[in-house]
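The values are calculated or read from the model by the stated rules, or taken from the named source; none is laboratory data. Bear in mind that the values here come from a model prediction, so they are computed numbers and not experimental data. Glycine gets a Cβ as well: all are built from the backbone with ideal geometry, and neighbour counts include every protein chain shown.
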Amino acid sequence: MLKIRLLKDKIARRYMLGITVFCLLLLFIIGAGLLAKSIPVLQEKTLWELIGTSSWKPFKGEFGFLTFILSTIYVTAIAILIALPLSLLASIYLSEYASDRIKRFFSPVIDLLAGIPPVIYGVWGTLTIVPLIADKIAPLFVDFSTGYSMLAGGLVLAIMIVPIIISVLTEIFNAIPKDIREASWSLGATKWETVKKVVLRRSLPGIIAATVLAVSRAFGETMAVLMVCGNFTDLPKSIFDACYPLPALIANNYGEMMSLPSYESALMFSALLLFVIIVLFNAGSRLILDQINLKYHL
C-alpha cells in the first residue's frame, strides 16, 4: 500500500513538472515562431532601420516601427499614470475603511467592469472621451485636435485596467494578517499611519505584481485602442496627437496584406516586437521585485 502511495506521489510530481516545463517551452515556441516569420524583413533591413526609423511605406519597402513602438509605450504609460493612483486609493478604501455593506455592493460591480468586452469600452470612448478631448480639453492647450489621440487611448485603457488593479490589490490588502494592523494600532499609530507604514510596505511586492499585470494587459489591448487613437503613422508630438500602437497596426493590416510577403513579415516582426517588449518588461519587473523582497525581507 505504501509503495502504491509513493508511486502516485512520484507520478504526480513528475506530471506537474512536465506541465511547468511545457508552459516555459510555450513561451520559447511562440517567440521562435514569430522570429521565423520575421526573418524575410530582417534580411532586407537592419534591426536599426526597423526600430530606429518612422517611415512607414510598405509598398515601397519602408518599414519603420519607431512610431508604433513609441505610441504603444506612451499610451500604456498614460494609462498606468492615471489608473494606478486611482486604483490604489480605491483599494485602500475598500479594504481598510469601507463597511461590509459597501464591500458587498462594490465587489460584483468591479468584477462586472473587468468583464466588459474591450469593444464596448472602445465604442464608449469614441462617443464620450473623443468629443470631450476635441471640444473641451484640447482647446485649452493646442489649436486643434480631432480627439482621436494618445490621451484618448490612455484614458480608455486606464478605465479598462482600473477594475483589474482594484480587484488584485483588494485581495492583497485583505490577505495581510489583522494582527499586524492591531500591533500598529497598539503602538499609537492612526489608521492612516498604519496603512502608509505597515499595509503598503507589506503589500509592495503585490502592488508591483498588480501593476505588471495591468501593464501587460494594456500593452496587448487592441480593439479599444484601435477605435480611439486615430491610427496615424507620423510620430506624435503631444498627447493630443493621433498615434498608432503595435496591436492596432496588426489588427488593422493582418489578413489584408497576406499577398505581400515582405508586408506579412513586417507585421510578424511587429508582433515579435510586442512580444519582446512584454517579456522584457515582465523580466525587469521580476528583478525589481526580487530586490525589494531582499531589501525589506518580505
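Residue-wise test of (1) small (Gly, Ala, Ser); (2) farther than 25 Å from residue 277 by Cα; (3) in contact (Cβ under 8 Å) with a residue 24 or more places away in the chain; (4) surrounded by 14 or more Cβ atoms within 10 Å (Cβ to Cβ).
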site: 10; (1), (2), (3), (4): no, yes, no, no
site: 13; (1), (2), (3), (4): no, yes, no, no
site: 18; (1), (2), (3), (4): yes, yes, no, no
site: 64; (1), (2), (3), (4): yes, no, no, yes
site: 74; (1), (2), (3), (4): no, no, yes, yes
site: 83; (1), (2), (3), (4): yes, no, yes, yes
site: 86; (1), (2), (3), (4): no, yes, yes, yes
site: 95; (1), (2), (3), (4): yes, yes, yes, yes
site: 98; (1), (2), (3), (4): yes, yes, no, yes
*So which of 68, 106 is among the aromatic types (Phe, Trp, Tyr), closer than 14 Å to residue 162 by Cα and surrounded by 14 or more Cβ atoms within 10 Å (Cβ to Cβ)?*
106
_Tally, over region 163-175, of residues that are assigned to a helix (DSSP H, G or I) and either surrounded by fewer than 23 Cβ atoms within 10 Å (Cβ to Cβ) or of a type in the set (S, T, N, Q) (or both)_ = 9
*What are the pairs, 6+ residues apart or on separate chains, where a residue within region 23-40 that is free of Cβ contacts under 8 Å to residues at least 24 places away in the same chain and under 15 Å from residue 250 (Cβ atoms) has its Cβ under 9 Å from a residue that is hydrophobic (A, V, I, L, M, F, W, C) and part of a helix (DSSP H, G or I)?*
33/268
_Can you go through 45, 37 and tell me which one is of a type in the set (Lys, Arg), touching a strand residue (DSSP E or B) at 6+ places or on another chain (Cβ under 8 Å) and either under 26 Å from residue 263 (Cβ atoms) or surrounded by 11 or more Cβ atoms within 10 Å (Cβ to Cβ) (or both)?_
45
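Return the residues of region 69-128 that are of a type in the set (Val, Ile, Thr) and over 27 Å from residue 227 (Cβ atoms); say none if nothing qualifies.
92, 102 - these are the residues of region 69-128 that are of a type in the set (Val, Ile, Thr) and over 27 Å from residue 227 (Cβ atoms).
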*Here is a list of conditions, (1) modelled with pLDDT under 90; (2) in contact with a Gly (Cβ under 9 Å, 6 or more places away or on another chain); (3) buried (at least 16 other Cβ atoms within 10 Å of the Cβ), and residue 118 meets all of them except one; can you say which number that is?*
(2)
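Give the number of residues within region 1-45 that are in a helix (DSSP H, G or I) and closer than 30 Å to residue 58 by Cα.
Counting residues in region 1-45 that are in a helix (DSSP H, G or I) and closer than 30 Å to residue 58 by Cα gives 18.
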*Which listed residue is among the aliphatic types (A, V, I, L, M) and without any contact (Cβ under 8 Å) to a residue 60 or more places away in the chain, from 78, 116*: 116
